[in-house]
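What follows is calculated from the coordinates using simple rules that are stated; it is not laboratory data. For clarity, every value in this text was computed on a predicted model and none was experimentally measured. All Cβ positions, even for glycine, are placed from backbone atoms using ideal geometry, and neighbour counts span all protein chains on display.
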Amino acid sequence: MYKNNFPNFASLLNKRPHATAYLVGSSDYPALHGQVKFYQTKYGVLTVAEISGLPIEEENCENRIFGFHIHEGTSCTGNENDQFAGALTHYNPHNCPHPHHAGDLPPIFGANGKAFSAFLTNSFTLEEIIGLTIVLHSNPDDFTTQPAGNSGTKIACGVIM
Ligand SMILES: [Zn+2]
């Protein structure tokens, strides 16, 4: 039954995505980069992140989980204090509290500096997010603190195209 009924999302993974964001690390994380691919399906948007150059944990219990969100800003430009200030804050068209922003995503789990994450979400449609930004943060998202889960600085950013 499972094999017959469950949509074959995995078959999309090698297909050309409907939208892509290329993540670029901030100056503190020059090796950090990645690609986030988006596929609109009838159930929601399949989102696939492949990231390299993540900070590697030096000890147990630290530095391995990174907050991940779609932001409402349309640019990864910034200033001295926030290199990706142009990404603004979490995409939140329905005026919900964090972590119920449409742009709130599952956190990225690093594994020896790499991450691979694939998930399905109907919090947004592909059409809505084209031109917005996707941001990786230095710390885990606590899924509680307002307005952004206390996930630290923005360490990588990409525009969804
Ligand atoms: Zn949020």
Discussion item. In whole Hz and in residue order, list the ³J(HN,Hα) couplings for the range 111-124 that follow from phi through the Karplus curve 6.51 cos²θ - 1.76 cosθ + 1.60, θ = phi - 60°; x for Gly and Pro.
Written reply: 9, 6, x, 10, 9, 9, 9, 9, 8, 10, 9, 10, 5, 8
Discussion item. Using only DSSP helix segments of four residues or longer, with each worth -39500 (n - 2.57), what per-residue ellipticity at 222 nm results for the chain after dividing by its residue count and rounding to 500?
Written reply: -500 deg cm²/dmol
Discussion item. Which of F68, F143 has the fewest other C-beta atoms within 10 Å, and how do the rest follow up to the most?
Written reply: F143, F68
Discussion item. Every cysteine in the chain with no other Cys Cβ under 4.7 Å from its Cβ, please list them in numeric order.
Written reply: C61, C96
Discussion item. What does the C-alpha gyration tensor say about the overall shape of the range 1-133? Classify as rounded when a/c is under 1.5, otherwise prolate if a/b is larger than b/c, or oblate.
Written reply: oblate
Worksheet item: Among the aspartates and glutamates, which fall within straight-line cross-link reach of K114, defined as a Cα-Cα distance under 14 Å, with same-chain neighbours fewer than 8 residues apart omitted?
Response: E50, E57
Worksheet item: In percent, what relative contact order does the range 16-159 have, based on Cα pairs under 8 Å that are 6 or more apart in sequence?
Response: 31
Response to the item:
Here the convex hull volume per residue of the range 109-161, taken over Cα atoms and given in Å³, is 118
